[in-house]
Structure formats: C-alpha cells, structure tokens
Amino acid sequence: MLEGDMLAPAAVPAPVWDESWRRNAVVRWLLEDGWRVDSAEGLLNGLGPLLLEMGVPVDRINLAVRVLHPQVFSVAFIWQPGSPVDRREGAYSLLERETYLRSPFHDLNTNPGSVIRARLAGSAARSDYPILTDLAEQGFTDYVALALPCGDGRNSAITLSTRAPDGFTPNQLAIIEDATPALARLVEIMALRHTALTLMQTYLGRQTGARVLDGLVRRGDGETIQAVLWFCDLRGSTPLAENMEAACFLETLNGYFDAMAGAVLDHGGEVLRYIGDAALAIFPFETADTAAADPRPPQAALAAARDAGQRMIALNAERAAIDKPALGYGIGLHVGRVTYGNIGAQTRLEFTVIGAAANLAARVEGLCRTLDETIVVSDTFRSRHPGPWRDLGTHMVRGVDTPVQVYAPEDAPA
C-alpha cells in the first residue's frame, strides 16, 4: 500500500441476539423478573416453585452467599417447599472446622468452575461428604452443587437436592446449569447490596448508615435533631499504651469498647465516632417537637450507662484474674439540639453530630475524673429522668461561660 492510501472501512456484521435463553423459563425469569427481587429469601421463593413448575423435582435448595462482614463470612438460605426460608450465618471460625473443610462448599470455593454431582441412593450412592450422608438419611436421592463465581473472588454456591426415586434427569440438570450464569450475577448483586449495608452499619452506625444509603451523601446534607449525647473515655490510657505492646493495647481497647459501645448499641443508641479511647454516641428523640415529653431516650441512655458499668465490673474481674490492672472510665450524659449530618472535606466526609450540646457532653464527662465518679449527667439530662440523683454541685468547664450543674445516679458503679 502506498503512503497516503486509505483502507476502505470493513463491513461490520449486524449483531445477532441469541434467543436461546428464552427457551429456558428459569433464565428468562431471572433476567426479566428475578433482578427486581431484593432478598435471597425472595429469590428462592420464586426460583424453587418455578423449577417445580418446569418439572425439576427439587425438594431442597441451599444458597450460600459469600459476604464481606466483620463477623460473618457467608450466609446460607435453605428453601424447602411449604416452609419459610431458613437463614443461617457462618462465622469465620467455621472456616477452620471439619464441617466446612469436608463440605462441597469448600471444594467449590477452591475450584469455582466445578460441579459436584452425587447420587444419594442405590449402588452409586456417594458419602464422601458428611452432608451427603445426612441428606440420604432424610430420604434425598440425588444432589448437585454448583459454584456461582463472583467478580470480587468471594464465590457463592448453590446446591439442589431431590427425593425423586430416579433423581435428576440429564435434561433437568441442563436447565439448572444453563441458569447458573444468570443466577450468579443476581446473587453477586445481592451480596454487594448486603456488603454496602453491612459496611455502612459497621463504620457509620445502623441509623446513620441508613441515612447515607437513602441519599444523604453531599457535604452539608443533614438536619437539626434533639438527642441525648453520650460521651465516654478510658482512664489512664497513655501509661497503658506506653507499657503495653501494640497488640495488647488494641485488645484492651476492644474489650473496653465492647463494654461501652456494646451497651449503647444494645439499648438502641448509635455510636457515631471513636476518638482514640473515647466514644461519642447519641440516643435521638423521634422529633424535636416531642422531645420534651418523650422519656424513652434518656431512660435508654442511663440504662446503657448502668449496663456499661456492670460490663466494666465483669471485664475488670477477668483482668484481675490474670494480674492485669483494672480499667477506669467516665461517662457523661447531656440532652441538647445538634446538627446531624455530613461535614468534612469534599472527598472525605463524616456523618456525625456537631454543636454546643455535643461539646458540653464531653465536658460533663471530663468532670468524672475531677469528681471521682463513673457517670455524671447535666442538669438538662436530670430534668428528663426521675433519678434518683446525687447533687454534685456546679462547676466551671472549658468553653462554657456559666457554671454547669451536674449529678450522679445514686446507684452508679464506683
């Protein structure tokens, strides 16, 4: 070809849409309707009856979904005709147990492109996995397990079992295998939704994470709310950090936060932020207009503080048994109006509360050290809760021009 010559554009063949998927009603349902289902339970409640309608004699489906979660590595959903879907969570400790290591799920995760077929009755019956023996004892005759590969490497899997005397036919297995790619994509989407919600709740809190997922993502998004403000702090953390290995200090902090933040969460509060060895939490009122007449958030907050105190007593007893020093703490409670929303740089935001009330809660907690108390509340909080209280007098605190009246519960732990 001479310089300057131009090649004529090659003819591009018209795209051809493969209509074969329409012949498989399961694939068609997954692509046309299944993607609208927002839960694994809903997916199985649609898939199971559809397979039966197509003549696939499925009597049990186990959908194991790999998730990204601090305590759980997978969630299994077990469907059987006429019964509610049974949901079971698999903790990370399960990965080291024989139950998992000798299961089809382990082998499918190791070889994500594989299929495991096992007859459960007759001379060809297999028993190399304990689950196969369990299913055979329950009257199942055939079993198939298929991997559902996901793009992030956390592969899910599905197993189908039948009690039909002759098991699954080749045509029935073909229907299942043909549907696997479409099913894998839907399961992956559900796993991603689960991961997004889990991470939001884990790192932002249940209520705050829900607000962010609902669309409050822009800097400045938020609202003014009335809430009980909780602030707690660990005593003597600096010498602890200086005299401990990093791993031991982190373990100590986590034990402390299990007591403090665990009590907040168990009593309906929201932990917004960990600040070193301190934590900020809220117990919001339903609306600012009804805050004056609603006793529930103050009652929940004080109950959480008392619960945290009992947990710290138990934690310190455990520490004493292994010759570790007791941990001291302080909890400050206040009621006030705060701005609840997104603050920060445009590309690094935090959803939290800001305002004078949040600052005063921290100052009230600071009086715990001065007054040698474990729980100190402001006069505003005391006016919302009947007590009984011990009057601790008025005190000047940093950032507040007038003295602050504070109290302690009569039954506060020493």
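The values are calculated or read from the model by the stated rules, or taken from the named source; none is laboratory data. None of these values were measured; they are calculated from a predicted model. Cβ sites come from the backbone with ideal geometry, for glycine too, and all protein chains shown count toward neighbours. Accessible surface is based on the protein model in full, side chains and every heavy atom, while ligands, DNA and RNA are left aside. Shrake-Rupley method; radii C 1.70, N 1.55, O 1.52, S 1.80 Å.
Once you have the alpha carbon radius of gyration of the range 86-228, what is it after dividing by 2.2 N^0.38 Å, with N set to its residue count?
Cα-based Rg divided by the globular estimate yields 1.43.
Among ILE131, ILE61, ILE189, which one shows the highest mean-square fluctuation when the chain is modelled as a Gaussian network with alpha-carbon springs under 10 Å?
Checking each option, the largest mean-square fluctuation is seen for ILE131.
Using only alpha carbons, build the gyration tensor for the range 184-336 and give me the equivalent ellipsoid semi-axes, biggest first, whole Å. The partial results should precede the final answer.
Values: eigenvalues 184, 108, 38 Å².
Each semi-axis is √(5λ); the values are 30, 23, 14 Å.
Roll a 1.4 Å probe over the protein heavy atoms and report the accessible area of SER83 in Å², nearest 10.
The accessible area comes out at roughly 60 Å².
Among the helices of the chain (complete DSSP H runs), which have Cα atoms covering no less than 18 Å along the helix axis and a Kyte-Doolittle mean of at least -0.5? Provide the component values of the computation, followed by the final result.
Details: long enough: 40-53 (19 Å, 0.81); 170-204 (49 Å, 0.53); 246-266 (28 Å, 0.85); 296-321 (37 Å, -0.27); 356-371 (22 Å, 0.62).
In the chain, the long hydrophobic H runs are 40-53, 170-204, 246-266, 296-321, 356-371.
Find out how many positive minus negative residues lie around LEU173, taking Lys and Arg as positive, Asp and Glu as negative, among other residues whose Cβ is under 11 Å from that of LEU173.
-2
May I ask what percent, to the nearest 5, of DSSP beta bridges between residues of the chain are antiparallel?
On the way: 68 of 71 bridges.
That works out to approximately 95 percent antiparallel.
In 10 Å bins starting at 0, how do the alpha-carbon pair distances of the range 160-255 split up by percent?
11, 19, 19, 21, 13, 11, 6, 0
Using just the alpha carbons, could you tell me how many Å³ per residue the convex hull of the chain encloses?
On the way: hull volume 117.5 nm³, N = 414.
Looking at the chain, the number lands at 284 Å³ per residue.
Go ahead and set up a Gaussian network model of the chain, Cα springs under 10 Å, then flag whichever of ASP152, ASP258, ASP233 fluctuates most.
ASP152
As I understand it, the dipole of the range 113-203 uses +1 on the Cβ of Lys and Arg and -1 on the Cβ of Asp and Glu, about the Cα centre. Which of GLY153, LEU135, PRO170 lies farthest toward its positive end?
Positive-end residue among those listed: GLY153.
For CYS248, CYS150, what's the largest-to-smallest order of accessible area, 1.4 Å probe?
On the way: CYS248 55, CYS150 20 Å².
Final ranking, largest accessible area leading: CYS248, CYS150.
Would you work out the charge dipole size for the chain about its Cα centre, treating the Cβ of every Lys and Arg as +1 and the Cβ of every Asp and Glu as -1, and quote it to the nearest 20 debye?
280
Taking the chain as a Gaussian network, Cα atoms linked when under 10 Å apart, which of PRO284, PRO70, PRO149 shows the biggest mean-square fluctuation?
Per the Cα network of the chain with a 10 Å cutoff, PRO70 tops the list.
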